[in-house]
Amino acid sequence: MTKKIIISLAVIAALALGILYARGLLSVHQGLEPPAQLAALKLEKAPPAAPDVSFTDAGGARHALSTFRGRYVLVNLWATWCAPCVAELPALARLQAFAPGLKVLPINMDKGEVDPVAFLKSHHVALPVFRDSDVVMLKSFKAYGLPATILINPEGKIVARAEGPAEWDSPEAVAYFKRITGS
């Protein structure tokens with residue numbers, strides 16, 4: 001008798017959640033809504049899988065984006081010639097320091113002889129240096145301008161993206177990333 005009641009309650013709960021989701025009153029992103037200070041960060045309606053891309057570090061070693069699965073990753077595509085990109089880099093560095101459960105991946109998109117290590121050092125930005133001088137990531141993430149920032153969940157899905165700069169180190173933004181990462 002109790003088993004039938006439990007099964008009946010589970011079916012009713014599933015139906016209720018299905019109806020709420022269908023009417024738009026319940027989101028697959030429940031709890032992921034960014035604060036107003038991160039208005040540029042827009043949630044994906046149907047989170048797609050992150051592309052299978054790789055990039056190099058300052059020493060020239062290749063890294064696959066998939067190696068960061070299992071944690072939240074904030075991919076930031078930037079270039080030295082992009083003033084809004086350069087302006088938000090210190091905020092991304094502070095965000096990485098304040099929300100250790102989040103992995104910030106700043107990926108430089110410059111082509112040619114630009115030295116992003118020296119550039120970041122000259123701007124007093126303490127972030128690791130990664131490069132994609134072939135611009136594969138811009139195409140793969142369907143980014144149409146810089147800066148472009150993509151939030152990837154631990155399952156490897158793109159859950160949000162920002163086209164343009166954001167206040168990454170505001171107290172509300174830091175609290176948001178700490179909350180979603182559990183750090």
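Output yes when any residue across the stretch 134-152 is acidic (Asp, Glu) and at pLDDT below 95, and no when none is. If you could, list the steps in order and put the result at the bottom.
So in the stretch 134-152, the residues acidic (Asp, Glu) come out as 134.
Adding the requirement that they be at pLDDT below 95 leaves 134.
Within the stretch 134-152 (the criterion being acidic (Asp, Glu) and at pLDDT below 95), the answer is yes, since at least one residue qualifies.
Taking the stretch 43-62 as the region of interest, how many residues are in a loop (DSSP other than H, G, I, E, B) and over 15 Å from residue 108 (Cα atoms)? Walk me through how you get there before you give the answer.
Pass one, the stretch 43-62, residues in a loop (DSSP other than H, G, I, E, B): 44-48, 50-53, 58-61.
Within this subset, residues satisfying the condition of being over 15 Å from residue 108 (Cα atoms) are 44-48, 50-52.
Total meeting the criteria: 8.
Conditions: (1) of a type in the set (Gly, Ala, Ser); (2) over 16 Å from the mean Cα position of the chain (by Cα); (3) surrounded by 13 or more Cβ atoms within 10 Å (Cβ to Cβ); (4) under 22 Å from residue 171 (Cβ atoms). Residue 126 meets all but one. Number of the miss?
(3)
Can you confirm whether the stretch 107-126 contains a residue that is assigned to a strand (DSSP E or B) and farther than 23 Å from residue 42 by Cα?
Taking the stretch 107-126 and keeping what is assigned to a strand (DSSP E or B), we get 107-108.
If we keep only those that are farther than 23 Å from residue 42 by Cα as well, we get none.
Scanning the stretch 107-126 turns up no residue that is assigned to a strand (DSSP E or B) and farther than 23 Å from residue 42 by Cα.
Scan the stretch 119-130 residue by residue and report those that are among the aliphatic types (A, V, I, L, M) and closer than 16 Å to residue 82 by Cα.
Of all residues in the stretch 119-130, those among the aliphatic types (A, V, I, L, M) come to 120, 125-127, 129.
120, 125 - these are the residues of the stretch 119-130 that are among the aliphatic types (A, V, I, L, M) and closer than 16 Å to residue 82 by Cα.
Of the residues in the stretch 141-159, how many are out of contact with any helix residue (DSSP H, G or I) (no Cβ under 8 Å at 6 or more places or on another chain), in contact (Cβ under 8 Å) with a residue 60 or more places away in the chain and under 23 Å from residue 83 (Cα atoms)?
So in the stretch 141-159, the residues out of contact with any helix residue (DSSP H, G or I) (no Cβ under 8 Å at 6 or more places or on another chain) come out as 141-142, 144-145, 149-151, 153-155, 157-159.
Checking the rest, the ones that are also in contact (Cβ under 8 Å) with a residue 60 or more places away in the chain come to 141, 149-151, 153-155, 157-159.
Of the ones still in play, those that are also under 23 Å from residue 83 (Cα atoms) are 141, 149-151.
Total satisfying the criteria: 4.
Out of all the residues in the stretch 73-88, which are of a type in the set (S, T, N, Q) and surrounded by fewer than 23 Cβ atoms within 10 Å (Cβ to Cβ)?
First pass over the stretch 73-88, keeping only residues of a type in the set (S, T, N, Q): 76, 80.
Once the filter is applied, which keeps residues that are of a type in the set (S, T, N, Q) and surrounded by fewer than 23 Cβ atoms within 10 Å (Cβ to Cβ), the stretch 73-88 yields only 80.
Of the numbered conditions (1) surrounded by 19 or more Cβ atoms within 10 Å (Cβ to Cβ); (2) under 14 Å from residue 65 (Cβ atoms); (3) of a type in the set (Asp, Glu), residue 169 fails exactly one; give the number of that condition.
Failing condition for residue 169: (2).
Any residue in the stretch 78-95 that is of a type in the set (Phe, Trp, Tyr) sitting within a Cβ distance under 6 Å of a residue that is part of a helix (DSSP H, G or I) and at pLDDT 95 or above? List the pairs, counting only those 6 or more apart or interchain.
Qualifying pairs under 6 Å: 78/85.
Considering only the stretch 89-106, state which residues are assigned to a loop (DSSP other than H, G, I, E, B) and surrounded by fewer than 20 Cβ atoms within 10 Å (Cβ to Cβ). Can you show your working first?
Within the stretch 89-106, the subset assigned to a loop (DSSP other than H, G, I, E, B) is 99-101.
Hits for the stretch 89-106 are 100, 101.
Got a sec? Which of 155, 88 is closer than 20 Å to residue 39 by Cα, out of contact with any strand residue (DSSP E or B) (no Cβ under 7 Å at 6 or more places or on another chain) and of a type in the set (Asp, Glu)?
Values: 155 fails: closer than 20 Å to residue 39 by Cα.
Only one candidate qualifies: 88.
The values are calculated or read from the model by the stated rules, or taken from the named source; none is laboratory data. Everything numeric in this text was worked out from a predicted model, so none of it was measured. Quick reminder, even Gly has a Cβ in these numbers, built from the backbone with ideal geometry, and neighbours come from all protein chains shown.
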